[in-house]
Amino acid sequence: MPRIPHITLNDGHTIPQLGYGVFKVPPAETERAVSEALEIGYRHIDTAAIYGNEEGVGAAIAAAGIPRDELFITTKLWNDRHDGDEPHAAIAESLEKLRLDRVDLYLVHWPTPARDNHLHAWEKLIEIRRQGLATSIGVSNFLVPHLERIVDATGVVPVVDQIELHPAHQQRAVTDWARARDIRIEAWGPLGQGKYDLFGAPPVAGAAEAHGKTPAQVVIRWHLQNGHILFPKSVRRARLEENIDVFDFALTDAEMAAIDALDRADGSGRVSAHPDEVN
Ligand code: NAD
């Protein structure tokens, strides 16, 4: 079974750097897919209330019989539940579906700036952590102004910001701000969600050829060597195996730099929604 590196978060807890994300894994397929991922050696699962598949994740965890402290489970607070005491109701529902008494990481899924309530949601996550229902807390899709607001108001720094990040869209403003405050970056859509020809880009295809690995493995390796936490999604067992088989080679500095140079700094490499537009 592959040895997956752990990263220490700014609250002292650790997270497996590579996991399995279940966005768009159909609820009926989730238990099977997560069970296979756990068999293959994944120990970090990234889900969200809005994915509608927390029950399947919970069923797979229960069936696997893996000691709880070897697993790292993340879920997320959905956008329509930021206000009042809704975050408390939401985490209770997620924990019931996951059959857990705590998650390892709970995230505010989007900043929903038009609703102007991400600071309130963050204050609720601080309470949820204090109650022991989430070991660590963080955010997702937060840009610098959103991060500044919650950190300035509460003094509590998220352990991660989970953002869209892949070679064409590297979000350097966010990653620089986060790095300076010891906030780790979780890269979602790490393979660009298959929405552009990342695997055919010469620096990726060339490194794959040079190392005898697949383009997907090269991109995963690029994330790992950049210190990102990631959890590529697939429902196919062969791809789950491929995506974790990345610890027997390393990209050279020149190969890393060539992939870094695929960034479109004007933001045009984004493949999904802009955080200001999700409310
Ligand atoms: P991804 O970049 O992981 O792309 C997934 C797609 O890549 C799959 O559908 C599959 O077609 C393809 N793929 C996977 N492995 C492959 C391989 N070895 N070879 C070729 N193709 C392969 O995109 P994603 O699923 O959006 O992101 C990963 C995870 O990030 C999600 O499952 C979810 O947990 C998280 N996420 C979070 C947010 C957020 O708003 N916080 C948004 C999207 C995704």
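The values are calculated or read from the model by the stated rules, or taken from the named source; none is laboratory data. This structure is a prediction, so every number in the text was calculated from the model and none was measured. All Cβ positions, even for glycine, are placed from backbone atoms using ideal geometry, and neighbour counts span all protein chains on display. Protein only, heavy atoms only, side chains kept; ligands, DNA and RNA dropped before computing areas. Shrake-Rupley method; radii C 1.70, N 1.55, O 1.52, S 1.80 Å.
A few notes on this one:
- His109 fulfils the conditions (1) touching a residue at least 60 places away in the same chain (Cβ under 8 Å); (2) open to solvent by 10 Å² or more (accessible area, probe 1.4 Å); (3) within 30 Å of Leu240 (Cβ to Cβ); (4) touching a His at 6+ places or on another chain (Cβ under 9 Å) except for a single criterion, (4).
- Residue within the stretch 248-261 that is more than 8 Å from the ligand (Cβ to nearest atom), closer than 20 Å to Trp110 by Cα and in contact (Cβ under 8 Å) with a residue 60 or more places away in the chain present: no
- Residue count for the stretch 228-253, restricted to those that are of a type in the set (Gly, Ala, Ser) and open to solvent by less than 20 Å² (accessible area, probe 1.4 Å): 1
- Among (1) open to solvent by 10 Å² or more (accessible area, probe 1.4 Å); (2) modelled with pLDDT of 95 or more; (3) within 16 Å of the ligand (Cβ to nearest atom) - the single one Gly12 does not satisfy: (3)
- Answer residue from the stretch 167-206, given it is open to solvent by less than 10 Å² (accessible area, probe 1.4 Å) and of a type in the set (Val, Ile, Thr) and is nearest to the ligand (Cβ to nearest atom) among those: Val204
- Residues (under 18 Å from Arg99 (Cβ atoms) and aliphatic (A, V, I, L, M)) located in the stretch 1-27: Val22, Val25
- Residues in the stretch 85-113 that are in contact with a Lys or Arg (Cβ under 8 Å, 6 or more places away or on another chain) and within 14 Å of the ligand (Cβ to nearest atom): Tyr106, Leu107, Val108, His109.
- Arg81 being of a type outside the set (Gly, Ala, Ser), out of contact with any helix residue (DSSP H, G or I) (no Cβ under 8 Å at 6 or more places or on another chain) and at pLDDT 95 or above: no
- Where Gly155 falls short, out of the listed (1) open to solvent by less than 10 Å² (accessible area, probe 1.4 Å); (2) on the phi > 0 side of the Ramachandran plot: (1)
- Condition met for His82 (under 24 Å from Phe247 (Cβ atoms) and within 16 Å of the ligand (Cβ to nearest atom)): no
- Across the stretch 254-270, the qualifying residues are those that are aliphatic (A, V, I, L, M) and buried (at least 16 other Cβ atoms within 10 Å of the Cβ), and the one among them that is farthest from Val25 (Cα to Cα) is Ala258.
- Criterion (modelled with pLDDT of 95 or more and closer than 30 Å to Asp176 by Cα) met by exactly one of Val57, Val151: Val151
- Contact annotation: residue pairs with Cβ atoms under 8 Å, 6 or more positions apart or on different chains, pairing a residue in the stretch 64-82 that is under 26 Å from Trp122 (Cα atoms) with a partner that is part of a strand (DSSP E or B) and of a type in the set (Gly, Ala, Ser), are Lys76/Ser140.
- Taken over the stretch 138-152, the criterion of being open to solvent by 20 Å² or more (accessible area, probe 1.4 Å) and over 15 Å from His274 (Cα atoms) is satisfied by Glu148, Arg149, Val151, Asp152.
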